[in-house]
Amino acid sequence: MKYYTNTLKGNLVSPIRPYESKEETGLELFERYAETFVLLLKFYRQEFTYEQTHAHSLALYQKYREGSDSVELTFRVEKRREAIVKLIASDNPDPDGIVFLQNWCPPVVWHHYKIVFKQFACEWDIFKNTNSSLVEQLNRTPLYKSVYDTLNQLSGISELTFYCEF
């Protein structure tokens, strides 16, 4: 968690996409999902304020967006704090990205990230179980409910079956 919290802070200064060699197919996507998980978890646990979450979400969006993303969309999400957080939450995990990882990611990469996401899932489960009344209260707000759903989906990465496991 600390590593990705520091990565999020670094994104505010200089968002640099992770380098992915031919032998590390999927690393960049796993990194995006990991950074997203930590950002959304810290927001949900109210460790990040709306302002901090907005700044980190915008940096994350700019770091991983494709060059073809429309300028209009960028302008719209930069102006509304909730819009960028909702975009980050609804965009991850991408179902096509998960299928890609399951079919093309080499074992050396997914072995590492299964461990990382298992730890993330543990953190998330502990929070949900020890703060059930807060979770119920937060989930009445559409933004928090969207973040909750995304955290549940990202937690499932550790349980995925990868092609090379067969």
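When ranked by the protection proxy of mean other Cβ atoms within 10 Å per residue, highest first, what sequence do the peptides 110-123, 51-64, 29-42 form?
Taking the mean over residues of other Cβ atoms within 10 Å, the ranking is 29-42, 51-64, 110-123.
Can you give me the orientation-averaged projected area of the convex hull built on the Cα atoms of the chain, in nm²?
With every direction weighted equally, the projected area is 9.8 nm².
Once you keep just the Cα pairs under 8 angstrom separated by 6 or more residues, what percentage relative contact order results for the range 12-67?
It comes to 44 percent, rounded to a whole number.
For the range 1-69, treating each Cα as an identical point scatterer without solvent, what Debye log10 I(q)/I(0) comes out at q = 0.21 1/Å?
So the normalised log intensities work out to -0.88.
Per the helix-only calculation at 222 nm, which mean residue ellipticity applies to the chain, given -39500 (n - 2.57) for every DSSP H run of n ≥ 4 and division by its residues, nearest 500 deg cm²/dmol?
Result for the chain: -23000 deg cm²/dmol, rounded to the nearest 500.
Suppose we keep just the alpha-carbon trace of the range 84-166; what are its Rg and Dmax in angstrom?
14.4, 42
Compute the relative contact order of the chain as a whole-number percentage, counting only Cα pairs closer than 8 Å that sit 6 or more residues apart in sequence.
Result for the chain is 29 percent.
Quick one: with all protein chains in place, what share of the accessible area of the range 15-58 is carbon or sulfur, to the nearest percent (1.4 Å probe)?
Percent of accessible area from carbon and sulfur atoms in the range 15-58: 52.
For the chain, what is the accessible area per residue in Å² when the probe is 1.4 Å?
On a per-residue basis, 55 Å².
Quickly rank 16-25, 97-106 as a protection proxy: mean count of other C-beta atoms within 10 Å, highest first.
97-106, 16-25
Hey, what do the phi angles of the range 109-121 turn into as Karplus ³J(HN,Hα) couplings, whole Hz, using 6.51/-1.76/1.60 and θ = phi - 60°, x for Gly and Pro?
Values, residue by residue: 7, 5, 4, 4, 6, 5, 5, 4, 6, 5, 5, 4, 4 Hz.
Can you give the extra length, in nm with one decimal, that the chain gains between residue 13 and residue 135 once fully stretched, where that is 0.36 nm per residue apart less the Cα-Cα distance?
Taking 0.36 nm per residue and subtracting the Cα distance, the gain is 40.7 nm.
The values are calculated or read from the model by the stated rules, or taken from the named source; none is laboratory data. Computed from a prediction, not measured in an experiment: that's the story for all the values here. So basically every Cβ, Gly included, is an ideal-geometry build from the backbone, and we count neighbours across all protein chains shown. These area figures cover heavy atoms from the full protein model, side chains too; ligands, DNA and RNA do not enter into them. Shrake-Rupley method; radii C 1.70, N 1.55, O 1.52, S 1.80 Å.
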